[in-house]
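Each remark here refers to the structure printed beneath this line.
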Amino acid sequence: MYKIIIRPLFFLFSPEFIHHFVSFCLKAIFIIPGLKSLARKTFVIKSKNLEREVFGLKFPNPVGFAAGFDKKADLYNHLSNFGFSHIEIGTVTPLPQPGNPKPRLFRLKKDKALINRMGFNNPGLEKFVKNLRKNKPNIIIGGNIGKNTLTPNEKAVDDYCKCYESLYDFVDYFVVNVSCPNITDLKKLADKDSLLQILSAIQNLNSQKLKPRPLLLKISPDLNESQLDDTLEVIRVAKFDGIIATNTTTTRNNLQTSNEKVQKIGNGGLSGKPLYDRSNQVISYLHKKTNGNLPIIGVGGINSAEDAINKLKAGATLVQVYTGFIYDGPFLAKRINKKILRDLR
């Protein structure tokens, strides 16, 4: 029904309009008595065989929802009804920011992909904290943190530390995002020295807490092996707990969408099916280089249960979806978890 009726209808409208429409519908639908329970019976699979304990957290299954969808920290409890074990909110910045000019989100339907140049649009820390305090999460929450666009790189560490301090009481783990291609000069923070400064500062704050939060770094798929090695060294020195592989890519390789259309869209991070192979390559490389001792959350191009299984086989401990949810619908997490259980049997 989703692919035959709902998706074609949604795709008649702009992606960002539909995002806001779906967000509104999720909030409205689950106010109706009984619908939350019905949704959980429909989409949620519970089994001891699906549970994963990773960096000290107990995940009811390996499938989460990646950052970028819940940009206001107001959808996580609604999304939990679709069978996900964890939701990543954000990316959040200290101050509210509108993001880049519209249009800034584009579908590549032939490729089951999206191009976005959203630019960390979000209502800011104060609103995030207000929403999290008001609506206690019933699911594991990851806080994906970034810097404001207008914050110069030499002061970026202050933005990340502000985000950490403000969200500490409300999230279960943190993700440092220095790999989004849609923020001016952000990728410079992924350089070894800059990255170490940021990660070490956050870890310093974290180590002073009675209950330190797991800290993860989200990386770009466009790093070469030498850059990946440098990143792993920084993670080791900063004593981070895991890595998310990967963010969106700036490459436009082997697309079925016409080159003319792609060029017309312009800059932005590409997500979805075209990212699948590269994401798997990065996961496999990191897994081998760390002898499987560094937890990896695999993201990029998961459109089916088989895609997710292959991510896990490549070395991911957990997986996250986003673009696949848009193209393949609300049963994706359930299909992945059913496939995991079938393979175990």
| query | Would the range 22-34 turn up any residue that is at pLDDT 95 or above, farther than 15 Å from Gln320 by Cβ, in a strand (DSSP E or B) and out of contact with any Asp or Glu (no Cβ under 6 Å at 6 or more places or on another chain)? | reply | no
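Provide a single number: the residues in the range 175-194 that are hydrophobic (A, V, I, L, M, F, W, C), surrounded by fewer than 23 Cβ atoms within 10 Å (Cβ to Cβ) and either more than 17 Å from Leu150 (Cα to Cα) or in contact with a Pro (Cβ under 6 Å, 6 or more places away or on another chain) (or both). Full working, then the answer.
Restricting attention to the range 175-194, the residues satisfying the condition of being hydrophobic (A, V, I, L, M, F, W, C) are 175-176, 178, 180, 183, 186, 189-190.
Now narrow it down to the ones that are surrounded by fewer than 23 Cβ atoms within 10 Å (Cβ to Cβ): 186, 189-190.
Pick out the ones that are also either more than 17 Å from Leu150 (Cα to Cα) or in contact with a Pro (Cβ under 6 Å, 6 or more places away or on another chain) (or both) and you get 190.
Matching residues across the range 175-194 total 1.
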| remark: If we keep only residues of the range 130-158 that are aliphatic (A, V, I, L, M) and more than 19 Å from the chain's Cα centre (by Cα), then the residue nearest to Val54 (Cα to Cα) is Val157
| remark: Per the list (1) surrounded by 18 or more Cβ atoms within 10 Å (Cβ to Cβ); (2) in a loop (DSSP other than H, G, I, E, B), residue check on Phe13 breaks on (1)
| Breaking point among (1) basic (Lys, Arg); (2) assigned to a loop (DSSP other than H, G, I, E, B); (3) farther than 30 Å from Lys102 by Cβ, for Arg252 | (3)
| remark: Of the residues in the range 298-340, those that are β-branched (Val, Ile, Thr) and either in contact with a helix residue (DSSP H, G or I) (Cβ under 8 Å, 6 or more places away or on another chain) or over 21 Å from Ser284 (Cα atoms) (or both) come to Val299, Ile302, Ile309, Val319, Val321, Thr323, Ile326, Ile336, Ile340
| remark: Exactly one of Asp74, Asp159 is acidic (Asp, Glu) and within 26 Å of Asn204 (Cα to Cα), and that residue is Asp159
| said: Being out of contact with any strand residue (DSSP E or B) (no Cβ under 6 Å at 6 or more places or on another chain) and surrounded by fewer than 24 Cβ atoms within 10 Å (Cβ to Cβ) is the filter here; which residues of the range 295-306 pass it? | reply: Asn303, Ser304, Ala305, Glu306
| message | Can you say whether Leu95 is among the hydrophobic types (A, V, I, L, M, F, W, C), out of contact with any strand residue (DSSP E or B) (no Cβ under 9 Å at 6 or more places or on another chain) and over 28 Å from Gly56 (Cβ atoms), as far as the supplied structure shows? | response | yes
| request: Those residues that are assigned to a helix (DSSP H, G or I) and not hydroxyl-bearing (Ser, Thr, Tyr), I need them from the range 284-307; list them, please. | output: Leu286, His287, Lys288, Lys289, Ala305, Glu306, Asp307
| request: Take Leu312 and decide whether it is in contact with a Phe, Trp or Tyr (Cβ under 6 Å, 6 or more places away or on another chain) and either over 18 Å from Phe59 (Cα atoms) or not charged (D, E, K, R) (or both). | output: no
| How many residues are assigned to a helix (DSSP H, G or I) and under 22 Å from Arg107 (Cβ atoms) when one looks only at the range 309-324? | 2
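So how many residues does the range 157-198 have that are assigned to a loop (DSSP other than H, G, I, E, B) and either among the aliphatic types (A, V, I, L, M) or at pLDDT below 95 (or both)?
10
The values are calculated or read from the model by the stated rules, or taken from the named source; none is laboratory data. Everything numeric in this text was worked out from a predicted model, so none of it was measured. Neighbour counts are summed over all protein chains in view; Cβ atoms, including those assigned to glycine, are modelled from backbone coordinates with ideal geometry.
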